[in-house]
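Report on the structure given below.
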Amino acid sequence: MILCIETATTNCSVALENKGKLLALKEDYSNNYSHAERLHLFIEEILRENEVGARDLDAIAVSKGPGSYTGLRIGVSAAKGLCFALELPLISIPTLRSLALQVKQEKDGFIIPLLDARRMEVYTAGFTADYRKVFDTRAQILAPDSFSKYLENAAVTFIGSGVEKFSKICEHPNATFIKGKLPSASKMVSLASEKFQKQKFEDVAYFEPYYLKDFMAG
């Protein structure tokens, strides 16, 4: 039984899974960061409502980034605190990979999640229809011809908070844009279960979120 925590964007999301199956989900799918107020409340509620004690958990999974600096810090701090207190292993899940799992793509197409960074910049990674990585996580400044290598050869579905600004400058007929979607703990379930089975755990003392870029105060 694994508790999954997703705070890389404005979506404060907590899921409970057992043997790879989603048992329950709580999230604040809004445009405002509510992690500091909601995260621990969601954790307490999801355990209580499903009659699961903290000692019944086998691991804690957390979305590792990239994403919001503050959001990631809050999620990882909560996950590490639970792991230390309960002596549980920590599992990290790449945020863009779990976001890609929200898309069902045709066989020869690609999935490219986009998380809004600053101005015309996004955090992105590329995946095949069966979720194999085709390019690594990177920060990219958007231009009309961004991702043309993939768009020229197949259908490409873009998803995430960066889709809104890319859809305004990309008119390629092979591009499909899924707007209004953010990373969710519900899509961490299968990835967390797979890592648990393979015993792929993080060092709780030294694990840090994957910020990709240095923090800049607004």
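The values are calculated or read from the model by the stated rules, or taken from the named source; none is laboratory data. The structure displayed is predicted, hence computed values, not measured ones. When we count neighbours, we look across all protein chains shown, and the Cβ atoms used for this are built from the backbone with ideal geometry, even at glycine.
To keep it simple, each residue is scored yes or no on (1) assigned to a helix (DSSP H, G or I); (2) assigned by TED's automatic domain parsing to the domain that holds Lys64; (3) in contact (Cβ under 8 Å) with a residue 24 or more places away in the chain; (4) on the phi > 0 side of the Ramachandran plot.
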| position | (1), (2), (3), (4) |
| --- | --- |
| Leu114 | no, no, yes, no |
| Val122 | no, no, yes, no |
| Tyr131 | no, no, yes, yes |
| Ala139 | no, no, yes, no |
| Pro144 | no, no, yes, no |
| Lys165 | yes, no, yes, no |
| Ile169 | no, no, yes, no |
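Within region 54-93, take every residue that is basic (Lys, Arg) and assigned to a helix (DSSP H, G or I) and give me the one that is surrounded by the fewest Cβ atoms within 10 Å (Cβ to Cβ). Looking at residues that are basic (Lys, Arg) and assigned to a helix (DSSP H, G or I), I get Arg55. Count of region 94-109 residues, restricted to those that are surrounded by fewer than 24 Cβ atoms within 10 Å (Cβ to Cβ) and assigned to a helix (DSSP H, G or I), is 1.
Scanning region 38-53 for residues that are surrounded by 15 or more Cβ atoms within 10 Å (Cβ to Cβ) and of a type outside the set (Val, Ile, Thr) turns up Arg38, Leu39, His40, Phe42, Leu47. For region 22-33, a tally of residues being surrounded by fewer than 18 Cβ atoms within 10 Å (Cβ to Cβ) and at pLDDT below 95 returns 4.
Among residues of region 13-39 that are small (Gly, Ala, Ser) and assigned to a helix (DSSP H, G or I), those with a beta-carbon under 7 Å from a residue that is modelled with pLDDT of 90 or more and surrounded by 16 or more Cβ atoms within 10 Å (Cβ to Cβ) at least six positions away or on a different chain give the pairs Ala36/Ile74. Restrict the check to region 22-29 and report whether at least one residue is closer than 25 Å to Ala139 by Cα and not assigned by TED's automatic domain parsing to the domain that holds Gly162. Checking region 22-29: at least one residue is closer than 25 Å to Ala139 by Cα and not assigned by TED's automatic domain parsing to the domain that holds Gly162.
One residue stands out among those in region 146-163 that are in a loop (DSSP other than H, G, I, E, B) and free of Cβ contacts under 8 Å to residues at least 60 places away in the same chain: the one that is nearest to the chain's Cα centre (by Cα), which is Gly162.
Listed by first and then second residue, the pairs linking a residue in region 190-218 that is closer than 15 Å to Ile5 by Cβ and modelled with pLDDT of 95 or more to a residue that is part of a loop (DSSP other than H, G, I, E, B) and aromatic (Phe, Trp, Tyr), with Cβ atoms under 8 Å apart and 6 or more places separating them unless they lie on different chains, are Lys195/Phe201. Considering each residue of region 144-157 in turn, at least one proves to be surrounded by fewer than 17 Cβ atoms within 10 Å (Cβ to Cβ), of a type in the set (A, V, I, L, M) and within 20 Å of Val103 (Cβ to Cβ).
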